[in-house]
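The values are calculated or read from the model by the stated rules, or taken from the named source; none is laboratory data. None of these values were measured; they are calculated from a predicted model. So basically every Cβ, Gly included, is an ideal-geometry build from the backbone, and we count neighbours across all protein chains shown. When the accessible area is computed, the model is the full protein with side chains, heavy atoms only, and any ligands, DNA or RNA have been set aside. Shrake-Rupley method; radii C 1.70, N 1.55, O 1.52, S 1.80 Å.
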Amino acid sequence: IMLQTSQLERIFIHKENGQEVRLTDPGERMNPDTVLNFYIATYPILTNARIVGPEIKNDEIQYRFESTMGTKG
């Protein structure tokens, strides 16, 4: 039996209006903080987001950008 290794794809997820938005990895050399800053220009709600993860799910490495604005609790 030969073992095969493959690099798992990183995916970044944030919720907007109750919908999950999947953001592609803009560059594997970028750390998650840099990716968050990269997407703030497109999604200003991410300005106050925190990074949750990584979590390996469905053969991908998932990071979640969870906004701390507009949530009660």
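Quick one: how many residues across the stretch 10-19 are more than 11 Å from the chain's Cα centre (by Cα) and open to solvent by 100 Å² or more (accessible area, probe 1.4 Å)?
The qualifying residues number 2.
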Handout entry: Test set (1) at pLDDT 95 or above; (2) aromatic (Phe, Trp, Tyr); (3) within 13 Å of residue 66 (Cα to Cα) - residue 43 fails condition number
Key = (1)
Practice task
Find the residue count for the stretch 53-73, including only residues that are part of a strand (DSSP E or B) and without any contact (Cβ under 8 Å) to a residue 40 or more places away in the chain.
Solution key: 3
Practice task
Could you check, for the stretch 10-25, whether at least one of its residues is without any contact (Cβ under 8 Å) to a residue 40 or more places away in the chain and touching an Asp or Glu at 6+ places or on another chain (Cβ under 9 Å)?
Solution key: yes
Handout entry: Residue check for residue 22: basic (Lys, Arg), at pLDDT 95 or above, under 9 Å from the mean Cα position of the chain (by Cα) and open to solvent by less than 70 Å² (accessible area, probe 1.4 Å)
Key = no
Handout entry: Looking only at the stretch 53-73, and only at residues there that are touching a helix residue (DSSP H, G or I) at 6+ places or on another chain (Cβ under 7 Å) and loosely packed, with under 11 Cβ neighbours inside 10 Å, the one that is nearest to residue 6 (Cα to Cα)
Key = 68
Handout entry: From 59, 33, residue being at pLDDT 95 or above and among the charged types (D, E, K, R)
Key = 33
Practice task
Can you tell me which residue among 50, 29 is part of a strand (DSSP E or B) and either open to solvent by 100 Å² or more (accessible area, probe 1.4 Å) or free of Cβ contacts under 8 Å to residues at least 24 places away in the same chain (or both)?
Solution key: 50
Handout entry: Residue ID - most open to solvent (accessible area, probe 1.4 Å), chosen from residues in the stretch 32-47 that are in contact with a helix residue (DSSP H, G or I) (Cβ under 8 Å, 6 or more places away or on another chain) and of a type in the set (A, V, I, L, M)
Key = 40
